[in-house]
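Enquirer: The structure that follows is given in the form of structure tokens.
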Amino acid sequence: MLRKRHAEKQTCAGQEAAPGETHDVTTTLLILHGLLASALLGALTHQAAAVLWPARGAGRCDAEPDRLIGAGAADGVRERLGDRTRGAGARLVGAGEVSRVARLAVADDLRVDVRAALSGELQFLENQTKFKVADLPKPGLSLADFMVGRVGTMQQGADVHLNERAPYFATYIQDAWKASSKLTLNYGLRWEPYYPLSNDDSQALIFDPARFTANQHSKVYVNAPAGLIFPGDDGYPGKAYSKGNLNQFGPRVGVVYDPRGEGREVIRGGYSVVYDQPAMFHHIRSASVPPWGSLITLNNVPLSNPYVNYPGGNPFPLPVDKNAPFPLAGTYWTQQYTADPPRTQHFNVSMQKQYGDNWSVTASYFGNRTAHLWNGIEINPGVYGPGATAANLNQRRVLYLQNPDQGKYFASVTQLNMSGKARYDGLLIAVQKRMANNYSVSSNYTLSKCMNDGDPQQFLDPLYSHPGDPHADWGPCAGDRRHVVNTTLVLNTPTFASKGMNAALGGWQVSGLIQALSGGPLNVTIGRDQALTVAQNQRPNVNGDWTLSNPTNNRYFDTSVFSLPAPGTYGNLGRNAMRAPGTWRVDTALSRKFSVGGSRQIEARVEAFNLFNKVGPGVSQQINGFGAVGAPNTVFTNTLFGRITTAADPRIMQFALKYLF
């Protein structure tokens, strides 16, 4: 809330700073060697949320130079290091000048060490019991496949050991300049080079299509198929999963302008460039590959003995040395030589004005543009042609068709793809009344749109539905909500002149939270490999308008307009093209403190969630702390397709007594 001489004082680019303030310039050097990957995950999760749903982070300081590990990173580093942190003092100076402070933080050699076992997985995909009626293919039944003992896809792997470390270094310089009594500028530059995770056990690899084409083999593992290189091979980047990137500079600039110089209205704007880090378990799949992990994928095998036709029978357990064998139809996850971490450009502009002593109105625009989103893409898909079936998938894969002698060692090959993009645009209108005259009000409305090529995952998994064309999945982000309204109310009952009235009605507090939001995206999939390419998340064809004038739980949308694509093709429905039902809810609380002598009190409280007991659909998604916001079944081949079968929480009430002394 803005008030004359009492405005909030922040100096981050594009955020709040009070006119007439003198701020400082800060230079920080952070050196963390062997930063624990789990700590990096905290920063990544926090930053990724701001990239995709920045409206939720409105008011946070994206330009905060100390934000290294989650919020308040510099304090977090000091807490971890104790008296190892050393800093120089600050010098406060007059208007138009700056003060400087330097800090150095050093962390111990930390790393992550994970052991896991790749358990077997059997999938019954309805392919073995499908049949034809009047020359038209009819789907089979997964249960029938199981009963006759036919497995659509089987995977089995060995022990996984992930022993990683990650060096980290970042430095920045920032200056805040009070140009006049009405104008304050904040600008800076951060250098945050990317040093990739490395594996102390040298359990890392890269698949190089050019080396596969040239039939070049590893010298470290002499039996490895062409195209694979490992730490110790010529051209491999040490023990890391890829080469780093030193060219990561993030400029920050912000402006705060008070048009009248009275402290009752302010215009702010800001721009910044920030970089991301991979998730803690991003490389866990890479530790699952041959020769140390050896995940094997077989198709159309008998349940009684999946390895009956596998050369040499069951290959597990596998020895790991220079002459380690590499299984046929191995499953691989691979990075690229050079990694470009996700880069996001943030920009915002806002105007805030105070009315009277207690009211303020804020209008803000938030936007960002993200490049180099990390997701996995299948680079060894099946190629559809005459006679294509699920059973001959491995013989139709790209690498097998290119070189059968070496391609037979590869089943699925998921490679890191860094071409993903995202954008967000949001308008936020907020009205606030501070507590006065026994009541306060805070309300905001957000109109926003978030689009991307695919929502980043923690693991390197094949995400895209069209191998070779990640941009075919351009559509709404999973967390996109076009309209969001939040209103909070607090009412205190007054003090009455009558002792009886005051004893009965005085001192009570009533609070309420009203929330409403539009439905989230729905991604309709077909639940099978209709294209026979092993691409994930394939979608159906749509041949009309799926909306209904009166949707019900049994038929939320018109399911008749969807159909299976022809074999070997992809559907024309876009990703996240439909919307789940919107919802609203009212939560309330009533409380009062009763004196029981001296400073002792008893607080009584009753709370009601979903006060009006609104029946809402509920399945899986947790949005803005709203509780379960449901969606109809979106798998075209599922018998529940288009139906909403679960509900969100009913009215929940709770009572509490607290003794204060």
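Enquirer: Could you figure out which of (1) within 25 Å of the chain's Cα centre (by Cα); (2) modelled with pLDDT under 90; (3) surrounded by fewer than 20 Cβ atoms within 10 Å (Cβ to Cβ) isn't true of Ala166?
Expert: Only one criterion is unmet by Ala166, namely (3).
Enquirer: Only one residue in Pro311, Pro291 is assigned to a loop (DSSP other than H, G, I, E, B) and open to solvent by less than 20 Å² (accessible area, probe 1.4 Å). Which one?
Expert: Details: Pro311 fails: open to solvent by less than 20 Å² (accessible area, probe 1.4 Å).
None of the other options fit; the residue is Pro291.
Enquirer: Given the condition out of contact with any Cys (no Cβ under 8 Å at 6 or more places or on another chain), open to solvent by 50 Å² or more (accessible area, probe 1.4 Å) and on the phi > 0 side of the Ramachandran plot, answer yes or no: does some residue in region 224-232 qualify?
Expert: Yes, there is a match, as at least one residue in region 224-232 is out of contact with any Cys (no Cβ under 8 Å at 6 or more places or on another chain), open to solvent by 50 Å² or more (accessible area, probe 1.4 Å) and on the phi > 0 side of the Ramachandran plot.
Enquirer: Also, quick follow-up: For the condition touching a Lys or Arg at 6+ places or on another chain (Cβ under 9 Å) and open to solvent by 30 Å² or more (accessible area, probe 1.4 Å), what is the one hit in His471, His466? Steps first, please.
Expert: Values: His466 fails: touching a Lys or Arg at 6+ places or on another chain (Cβ under 9 Å).
The conditions single out His471.
Enquirer: Return yes or no: is Phe316 in a strand (DSSP E or B) and not aliphatic (A, V, I, L, M)?
Expert: Working: in a strand (DSSP E or B): no; not aliphatic (A, V, I, L, M): yes.
Taking the combined requirement at face value, the residue does not satisfy it.
Enquirer: Looking at region 449-458, which of its residues are open to solvent by less than 70 Å² (accessible area, probe 1.4 Å) and not aliphatic (A, V, I, L, M)? Spell out the reasoning first.
Expert: Looking only at region 449-458, we keep the residues that are open to solvent by less than 70 Å² (accessible area, probe 1.4 Å), and these are 450-456.
Passing the criteria: Cys450, Asn452, Asp453, Gly454, Asp455, Pro456.
Enquirer: When the residues of region 354-381 are narrowed to those that are over 21 Å from the mean Cα position of the chain (by Cα) and small (Gly, Ala, Ser), which ends up surrounded by the most Cβ atoms within 10 Å (Cβ to Cβ)?
Expert: Ser364
Enquirer: Looking only at region 404-457, filter to residues that are of a type in the set (Asp, Glu) and in contact with a strand residue (DSSP E or B) (Cβ under 6 Å, 6 or more places away or on another chain); which one of those is farthest from Pro327 (Cα to Cα)?
Expert: It comes out as Asp425.
Enquirer: Checking the structure you have, find out if any residue of region 547-562 is in contact (Cβ under 8 Å) with a residue 12 or more places away in the chain, over 15 Å from Phe641 (Cα atoms) and open to solvent by less than 60 Å² (accessible area, probe 1.4 Å).
Expert: no
Enquirer: Out of the residues in region 294-308 that are within 22 Å of Ile229 (Cβ to Cβ) and part of a loop (DSSP other than H, G, I, E, B), state the one that is farthest from the chain's Cα centre (by Cα).
Expert: Ser294
Enquirer: Can you run down the residue pairs with Cβ atoms below 6 Å, 6 or more apart or on separate chains, where the first is in region 344-362 and more than 28 Å from Met451 (Cα to Cα) and the partner is open to solvent by less than 30 Å² (accessible area, probe 1.4 Å) and basic (Lys, Arg)?
Expert: Close Cβ pairs (under 6 Å, with a partner that is open to solvent by less than 30 Å² (accessible area, probe 1.4 Å) and basic (Lys, Arg)) amount to Asn358/Lys433; Trp359/Lys433.
Enquirer: Same structure again: Give me the pairs: first residue in region 574-603 and closer than 23 Å to Asn554 by Cβ and assigned to a strand (DSSP E or B), second residue β-branched (Val, Ile, Thr) and modelled with pLDDT under 95, beta-carbon distance under 6 Å, and six or more apart or on different chains, which are they?
Expert: Matching pairs, first to second residue: Thr583/Val629.
Enquirer: How many residues are part of a strand (DSSP E or B) and aromatic (Phe, Trp, Tyr) when one looks only at region 265-286?
Expert: Count: 2.
Enquirer: Considering only residues of region 326-353 that are within 24 Å of Ala422 (Cα to Cα), more than 23 Å from the chain's Cα centre (by Cα) and open to solvent by 20 Å² or more (accessible area, probe 1.4 Å), which is modelled with the lowest pLDDT?
Expert: Tyr337
Enquirer: Provide a single number: the residues in region 420-435 that are surrounded by fewer than 16 Cβ atoms within 10 Å (Cβ to Cβ) and among the small types (Gly, Ala, Ser).
Expert: 0
Enquirer: Among the residues of region 522-542, are any open to solvent by 40 Å² or more (accessible area, probe 1.4 Å), of a type in the set (S, T, N, Q) and without any contact (Cβ under 8 Å) to a residue 60 or more places away in the chain?
Expert: No, the conditions are met nowhere in region 522-542.
Enquirer: Within the bounds of region 436-448, is there any residue that is in contact with a His (Cβ under 8 Å, 6 or more places away or on another chain) and open to solvent by less than 30 Å² (accessible area, probe 1.4 Å)?
Expert: yes
Enquirer: Report, by residue number, each residue of region 382-403 that is touching a residue at least 40 places away in the same chain (Cβ under 8 Å) and open to solvent by 50 Å² or more (accessible area, probe 1.4 Å).
Expert: Scanning region 382-403 gives Val383, Tyr384, Thr389, Gln402.
Enquirer: Looking only at region 407-460, count every residue that is more than 24 Å from Gly520 (Cβ to Cβ) and either touching a Gly at 6+ places or on another chain (Cβ under 8 Å) or not small (Gly, Ala, Ser) (or both) and tell me the total.
Expert: 20
Enquirer: Same structure again: Out of curiosity, is Ala329 among the aliphatic types (A, V, I, L, M), in contact with a helix residue (DSSP H, G or I) (Cβ under 7 Å, 6 or more places away or on another chain) and closer than 19 Å to Ser286 by Cβ?
Expert: yes
The values are calculated or read from the model by the stated rules, or taken from the named source; none is laboratory data. Keep in mind that what you see is a predicted model, and the values were worked out from it rather than measured. Ideal geometry is used to build each Cβ from the backbone, glycine not excepted, and the neighbour counts take in all protein chains shown. Surface accessibility is based on the protein's heavy atoms, side chains included, excluding ligands, DNA and RNA. Shrake-Rupley method; radii C 1.70, N 1.55, O 1.52, S 1.80 Å.
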